[in-house]
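Trainee: Let me begin by handing over the structure; questions about it come next.
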Amino acid sequence: MRRLVNVTIDAQLGDIYVCGLILGLGIITMKSVFAPAKEAGMQFIPSETLEIDRKMRANKPFYDLDLRPADLRTCDFEDVVIEFSEERATVEAARCIHCPDPAPCMLACPTNNDIPSAMWLIEHGQFSEAANLYHAHSSLPEICGRVCPHEALCQGSCVLNKHQTPVLCGALETFTVDYKRRHEGRAIPLALPTGKRVAIIGAGPAGLGCADQLVQCGHAVTIFESKPAPGGLLVYGIPNFKLPKDVWMEKWQEFENAGVKFVGNTYIGKDKTIDDLFEEGFDAVFIGVGSEIDAKMEDTPGTDLAGVYEATDFLVRGNVDPSLLPASSYKPLEIGKRVAVIGGGDTASDCLRTALRLGADEVTCLYRRTEKEMPGGKKDRKFARDEGAKYRFLTQPVKFIAGADGKLAAVECIEMKLGEPDAKGRRKPVPVQDSNFSVACDTAVLALGYWPDPIIGKTTPGLETHDWGLITADKRSGATSRPGVFSGGDCVTGPDLVVTAMVAGRKAASAIHEYLKNK
Ligand SMILES: Cc1cc2nc3c(=O)[nH]c(=O)nc-3n(C[C@H](O)[C@H](O)[C@H](O)COP(=O)(O)OP(=O)(O)OC[C@H]3O[C@@H](n4cnc5c(N)ncnc54)[C@H](O)[C@@H]3O)c2cc1C
Ligand code: SF4
């Protein structure tokens, strides 16, 4: 028999719904409910306790997300997706067929969000309670719901994919967490102060995931960041039309309210070192500096011409409010009417879409393999196409050509064909002899990928690094070769995702907590 009971456990987390399985436990504390279910990776509302008709649910009609029309959205940098209404959210959540535990969507989500339980709560109008479930698993649910490549993670593993369209887990996560913030506000639950101090280097998703968990254990956290504002690539990379900056600003307020101290414009390795931080009295250090150095087009003449930009510089100057710009990016961005973007990842899609919003008439992506090999997500590519971007595949730029005014006028390219697979099984692009042609353009953006910044490794004795500066750290704990120093996110894995970086920060926080207990 299924019975839902409403148990008020903790004023900060509000009402929590538990099901028959844990009835009769007597006093239910936060720890006894959340922690074991979470540790065991179990669903909070086990599917076997629900009396539902899975077939009927699987055949319910699907209504896709509403988007702003492409011709309107290229006129501004506002969000592309129109948020769910309460009614739409309940209808969409009711399509979940509640797979037996463990549900594939939970397993595919890097933070193991309890999606089926959240769907049940949303279906029954319990939006804040669903938000509590997301907050219990994730430090940035309002961000991940928006920017995760859902088609490759939670939604990609939904069993409805076999015959239907998957449940829109990401949009529902965004809806519930936004709902809670607007209607009730949210505070990070804090423990009594331990007197221990942790320095975090880098205010991106990894550093934030770590800070969120450490303050919940009672440790004092200071984040040192080289940029003027916190957020990492959430601010200085991902454009506003994918992640509105006010969503991030509201989130940052939550961290500030929890006492997380932010020290901007401080480049660790130049302004001070990790040894200096220990000397200042910090008990442990977490490094979450990302992997943000733009890859160059070595040996290609003309990359220094006016009109040729690196992706980060282009995105930051094109998207970020001037008050948040680092001094190196103050110069206004000048773009022409014909823009070529070189590369095939998500950054390339973001550059194409930014160029269209900055007023370019013709925006073309040049990529040396075919669409099948493109590393970027399909969803962003579809948005870019709908907004007017064009793609030229099997095309490799070999020279950037200046016009009479000395500025970029064209890109000379060579046609490519796919050759033998490389070590990773990806077919190598091979130039076709004498196939050179030129593409007229006045702006080119190089979106070729990112490398780590080796400075932390070079200035921290005993800290092991590899492959041009990636930090060597244990996958589970983030422990590095230097006692008391932990690391996670893109600076350990190379460029990856917001959600994976945030999870790495959370895992390291739990190892730091253990380390501090024994210190
Ligand atoms: C254009 C672009 C679009 C993207 N879009 C998506 C997307 O849609 N979805 C998704 O999931 N992922 C996306 N990503 C990837 C995602 O943003 C990253 O994987 C994620 O931000 C990594 O988090 P992190 O905390 O490891 O590093 P970062 O976000 O890079 O943060 C590192 C921080 O450390 C600071 N820092 C660096 N060196 C120092 C130093 N020496 N001292 C002090 N501070 C330092 C940096 O300024 C930065 O603020 C995108 C990336 C880019 C570039
Ligand atoms: S964190 Fe990302 S993968 Fe996990 S449920 Fe949310 S949107 Fe899906």
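The values are calculated or read from the model by the stated rules, or taken from the named source; none is laboratory data. This is a predicted model, so every value here is computed, not measured. Here the Cβ is made from the backbone with ideal geometry for all residues, glycine too, and neighbour counts use every protein chain on show. Heavy atoms of the whole protein, side chains included, go into the accessibility calculation; ligands, DNA and RNA do not. Shrake-Rupley method; radii C 1.70, N 1.55, O 1.52, S 1.80 Å.
Trainee: I need the shape label for region 360-440. Rule: rounded when a/c is under 1.5, else prolate if a/b > b/c, else oblate, with a, b, c from the alpha carbon gyration tensor.
Mentor: Here region 360-440 falls in the oblate category.
Trainee: Before rounding to the nearest 500, sum -39500 (n - 2.57) across all DSSP H runs of length at least 4 in the chain and divide by the residue total; then give [θ] at 222 nm in deg cm²/dmol.
Mentor: Using -39500 (n - 2.57) per qualifying helix, the result is -9000 deg cm²/dmol.
Trainee: Considering only protein heavy atoms, what is the solvent-accessible area of Ile456 at a probe of 1.4 Å, reported in Å² to the nearest 10?
Mentor: Approximately 10 Å² of Ile456 is accessible to the 1.4 Å probe.
Trainee: Here's a follow-up. When you count, for each residue, the other Cβ atoms within 10 Å and take the mean per peptide, how do 497-504, 368-375, 422-429 rank with the highest first?
Mentor: My ranking of the peptides, most packed first, is 497-504, 368-375, 422-429.
Trainee: Whole number in Å², please: accessible area per residue of the chain, 1.4 Å probe, ligands, DNA and RNA not counted.
Mentor: Result: 45 Å² of accessible area for each residue.
Trainee: So for each of 202-211, 140-149, 315-324, 388-397 I average, over its residues, the number of other beta carbons within 10 Å; can you give me the resulting order with the highest mean first?
Mentor: Ranked by mean Cβ neighbours within 10 Å, highest first: 202-211, 140-149, 388-397, 315-324.
Trainee: Another question, if that's okay. Label region 190-279 by shape, choosing from rounded, prolate and oblate, from the square roots a ≥ b ≥ c of the eigenvalues of the Cα gyration tensor; if a/c is under 1.5 it is rounded, and otherwise prolate applies when a/b is larger than b/c, oblate when it is not.
Mentor: Judged from the Cα gyration tensor, region 190-279 comes out oblate (a/c at least 1.5, b/c at or above a/b).
Trainee: From largest accessible area down, sort Trp120, Trp451, Trp468; use a 1.4 Å probe on the protein chains.
Mentor: Putting Trp120, Trp451, Trp468 in descending order of accessible area: Trp468, Trp451, Trp120.
Trainee: In whole percent, and with a 1.4 Å probe on the protein chains, what portion of the accessible area of region 261-346 is carbon and sulfur? Don't skip to the answer; put the middle values down first.
Mentor: Values: 1950 of 4090 Å².
Within region 261-346, the accessible surface is 48 percent carbon and sulfur.
Trainee: Something else about it: For Ser438 and Thr194 in one chain, what is 0.36 nm times their gap in residues minus the Cα-Cα distance, to one decimal in nm?
Mentor: Extending this stretch completely gives an extra 81.5 nm.
Trainee: Okay, next question. Net charge near Asp53: determine it from the other residues with C-beta under 13 Å of the C-beta of Asp53, scoring Lys and Arg +1 and Asp and Glu -1.
Mentor: Value of the local net charge: +4.
Trainee: Considering only protein heavy atoms and a 1.4 Å probe, what is the carbon-and-sulfur percentage of the accessible area of region 161-201?
Mentor: It is 56 percent, rounded to a whole number.
Trainee: For a quick protection proxy, order the peptides 68-80, 239-251 by their average other-Cβ count within 10 Å, most packed first.
Mentor: Ranking, from highest mean packing down: 239-251, 68-80.
Trainee: If you don't mind, there's one more thing I want to ask. Give a residue-ordered list of calculated ³J(HN,Hα) values for region 191-206 (Karplus: 6.51 cos²θ - 1.76 cosθ + 1.60, θ = phi - 60°; whole Hz; x for Gly, Pro).
Mentor: 9, 5, x, 9, x, 8, 10, 10, 9, 10, 10, x, 9, x, x, 5
Trainee: Please quote Rg/Rh for the chain to two decimal places, taking the Kirkwood radius as Rh and restricting both calculations to Cα atoms.
Mentor: 0.98
Trainee: Distance cut-off 32 Å, Cα to Cα: go down the list Lys372/Lys407; Lys242/Lys331; Lys242/Lys475 and report the pairs above it.
Mentor: Pairs exceeding 32 Å: Lys372/Lys407.
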